[in-house]
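Participant: Quick one: this structure, given as structure tokens, is what I'll be asking you about.
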Amino acid sequence: MIQRGFDGCFGPHSCRTSNKSREVPASAAPRALRPVVCLRWGPRAALEECSADQHFHPFASRVQQCGGSWVKVLRSESSRIFPSPLPRHDFGKEATEKTPLLSKGSSPFGVIDCDKSSSNKPSSANMGIFYSLRERLKNRVLLVDVLAALFGMGAWLSINGMYTQLPLLVFNAPEGWGLPSYIVVLIQAANIGGVIYGVMQQFCKGKVSDSLFISILMFIGCLSLLLMSFFYGQTVEIGGNLHSVPLLALVFTCALVACTSSVLFIPYMSRFRETYLVSYMIGEGLSAFVPSITSLLQGVGGNPVCREVNSTDSIKKYEQYVPPPLFSVSTFLVLIFCLQLLSFISFILLKTLPICKKQRNSQSSSSYKNNNENEGVRSSMMPSSPEKGRSLTSDGDNGRGSAFMTESHDFESSPSPVTAQTKMNNMTYTVFLIMQACASALANGLFPAIQSYSCLPYGNVAYHLAINLGSMANPVACYILFFVTFTSLSAISLIAFPTLVVAVFIFVTATMSPEPPLVNTSSGEALVVISWVLFTGLVSYIKLAIATRFRKNGGKGLFWYGAMTQVGSAIGAVTGFALLNYTGVFKSYSPC
């Protein structure tokens with residue numbers, strides 16, 4: 001018979017409650033049950049962590065093997081924890097009463113015959129995942145999940161959506177193939193928004209409403225996309241040269257929303273139960289995936305051709321003609337505007353709906369306000385790039401991935417315990433920071449600026465596929481990191497070597513434009529697309545793996561990780577802009 005009100009652990013782990021700490025000897029549990037992580041009974045308020053390495057959440061179910069059968073720990077309707085397939089017991093008010101410690105050799109289960117529960121044994125160990133998922137879904141509101149995902153999708157939706165249209169914009173914009181270099185610099189400059197918000201949090205404590213700030217940003221994002229859909233093709237003469245001033249100005253405002261979201265959106269989601277942060281991060285990953293899928297459906301119509309216009313008997317004139325896509329850039333931007341507006345509405349519903357308010361943390365009203373002051377400053381140092389939303393990351397690296405790097409409980413504000421295995425020496429620490437700066441300089445600055453020169457000689461279709469498939473490769477890399485994690489210096493260096501080889505090939509194709517290797521061949525077109533997809537995926541994996549290592553290391557590792565990412569991205573963006581606009585290293589071409 002299960003003892004009512006028992007609150008303890010099996011094994012030599014310290015079980016802390018709100019009243020006192022108690023040690024339960026390992027011999028207190030049956031031999032077959034000693035591997036069980038932590039079993040607790042009592043009110044949910046008493047359910048606290050068992051130990052640093054045996055963290056237990058009342059939202060999650062645990063399936064443990066008991067000899068030849070399975071014992072499942074799940075949550076009952078009365079917010080108590082009880083084991084199954086053992087009989088249920090009615091935990092009443094007396095469940096909150098204190099009970100003495102287990103005596104040596106005793107067990108809250110009495111004598112458990114594992115063979116009698118063999119009929120409840122899952123067919124395989126994988127069934128434990130099914131039970132865990134089912135129990136987690138019981139303790140969450142689907143509507144809040146959907147709203148959180150839609151809210152997260154609006155973080156980098158505008159920038160990612162515009163970025164997928166570059167294969168169509170570069171042929172009409174006066175900047176030509178150099179248009180991406182302008183956009184990359186503007187995105188880096190837009191990080192000023194996060195810095196401003198961090199300063200406001202420091203000097204205007206309690207006077208800055210994060211909800212109002214988010215609402216203003218979301219409104220600016222929606223308005224910018226709507227205006228961009230009508231004025232993206234307008235030009236203004238500056239210094240005798242035409243420039244896409246309306247497009248570039250609206251890109252900057254969209255980037256301001258995206259970069260500042262790193263400071264605001266994720267800290268705001270900490271008001272809710274941590275399980276909904278995963279939904280938010282999934283939505284942030286969709287901010288790249290959805291525009292990429294839409295752009296692939298849109299297509300580019302084909303490669304540009306040269307056709308004769310206004311010909312006379314003596315003079316023939318030719319112009320470059322780009323076949324139209326399935327639908328225009330204006331239509332695409334209107335669709336993205338609708339999604340951004342949907343994200344804005346989702347945020348308002350998250351803020352106002354009673355069912356959403358019930359899913360907030362009990363301490364959100366006080367702890368969030370205090371923590372957000374420091375969080376804003378820390379988050380302002382996290383990286384921002386034109387690829388920000390392409391995966392899911394809470395560490396700030398392109399915002400996209402760490403939701404799949406750890407379990408949901410790893411989103412807590414407290415860092416993971418530092419052990420001898422996770423602690424880095426000074427040399428490893430420095431090497432990782434240098435690798436992060438170099439990876440960010442290439443992936444967030446230099447390479448997005450020169451991508452048009454690397455891909456367009458192989459055709460507009462190649463450029464189109466490289467951008468959109470590369471955007472999708474980023475979250476895929478995060479999914480892979482969730483299942484296969486390499487965080488040692490040797491492993492990451494091993495992954496960095498093929499990444500460097502691919503990067504050299506990409507840079508060579510850009511510098512040899514308009515006649516790179518295998519130009520005008522199907523194999524060359526396929527090779528450049530594969531190279532860009534591999535580069536994007538490998539760099540994303542490396543950066544997230546480094547972030548994981550710094551997170552495990554504790555201290556100010558993630559701060560310096562974000563700082564080096566920003567420094568590397570800025571250096572790469574400025575370098576790319578200078579090379580493209582003030583040197584003759586990279587050359588474009590016209591079919592005419």
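The values are calculated or read from the model by the stated rules, or taken from the named source; none is laboratory data. Because the structure is predicted, anything quoted here is derived from the model rather than measured. Methodologically, a virtual Cβ is constructed for each residue, glycine included, from the backbone with ideal geometry; neighbour enumeration extends over all protein chains shown.
Participant: Go through region 474-484 residue by residue and tally those that are farther than 13 Å from Ile542 by Cβ and buried (at least 24 other Cβ atoms within 10 Å of the Cβ).
Facilitator: Within region 474-484, residues that are farther than 13 Å from Ile542 by Cβ and buried (at least 24 other Cβ atoms within 10 Å of the Cβ) number 1.
Participant: Same structure, new question: Give Ser262, Ser229, Ser209 a once-over and let me know the one that is more than 23 Å from Leu442 (Cβ to Cβ) and surrounded by 16 or more Cβ atoms within 10 Å (Cβ to Cβ).
Facilitator: Ser229
Participant: Scan region 464-486 and give yes if some residue there is farther than 21 Å from Val529 by Cβ, in contact (Cβ under 8 Å) with a residue 40 or more places away in the chain and polar (S, T, N, Q), otherwise no.
Facilitator: yes
Participant: Counting only residues that are modelled with pLDDT under 50 and surrounded by 23 or more Cβ atoms within 10 Å (Cβ to Cβ), how many does region 406-453 have?
Facilitator: Here the count works out to 0.
Participant: Moving on to the next point. Look through region 485-507, keep the residues that are out of contact with any helix residue (DSSP H, G or I) (no Cβ under 9 Å at 6 or more places or on another chain) and among the aliphatic types (A, V, I, L, M), and return whichever of them is farthest from Ala526 (Cα to Cα).
Facilitator: Leu494
Participant: Considering each residue of region 542-575, count those that are small (Gly, Ala, Ser), assigned to a helix (DSSP H, G or I) and surrounded by fewer than 18 Cβ atoms within 10 Å (Cβ to Cβ), and give that number.
Facilitator: Summing the residues that are small (Gly, Ala, Ser), assigned to a helix (DSSP H, G or I) and surrounded by fewer than 18 Cβ atoms within 10 Å (Cβ to Cβ) in region 542-575 gives 1.
Participant: For region 493-551, give me the residue count where each residue is in contact with a Gly (Cβ under 6 Å, 6 or more places away or on another chain) and on the phi > 0 side of the Ramachandran plot.
Facilitator: Number of matching residues: 1.
Participant: Can you confirm whether Pro180 is crowded, with 17+ Cβ neighbours inside 10 Å, over 20 Å from the mean Cα position of the chain (by Cα) and not hydroxyl-bearing (Ser, Thr, Tyr)?
Facilitator: Criteria met by Pro180.
Participant: Oh, and also: Please give the helices (runs of 4 or more DSSP H) falling wholly within region 140-211 in which 1 or more residues are in contact with a Pro (Cβ under 9 Å, 6 or more places away or on another chain).
Facilitator: Filter on region 140-211 gives 157-163, 166-169, 179-189.
Participant: What about Val257, is it touching a residue at least 12 places away in the same chain (Cβ under 8 Å), under 17 Å from Leu333 (Cβ atoms) and either surrounded by 22 or more Cβ atoms within 10 Å (Cβ to Cβ) or not assigned by TED's automatic domain parsing to the domain that holds Glu284 (or both)?
Facilitator: yes
Participant: Among the numbered criteria (1) surrounded by 21 or more Cβ atoms within 10 Å (Cβ to Cβ); (2) β-branched (Val, Ile, Thr); (3) at pLDDT below 95, which one does Thr521 miss?
Facilitator: Answer for Thr521: the failing condition is (1).
Participant: Aromatic (Phe, Trp, Tyr), assigned by TED's automatic domain parsing to the domain that holds Ala149, modelled with pLDDT of 90 or more and more than 30 Å from Arg140 (Cβ to Cβ) - does that describe any residue in region 325-333?
Facilitator: Scanning region 325-333, I find at least one residue that is aromatic (Phe, Trp, Tyr), assigned by TED's automatic domain parsing to the domain that holds Ala149, modelled with pLDDT of 90 or more and more than 30 Å from Arg140 (Cβ to Cβ), so the answer is yes.
Participant: Sticking with this structure for a sec: Return only the number of the condition from (1) outside any loop (DSSP other than H, G, I, E, B); (2) more than 23 Å from the chain's Cα centre (by Cα) that Val519 does not satisfy.
Facilitator: Exception for Val519: condition (1).
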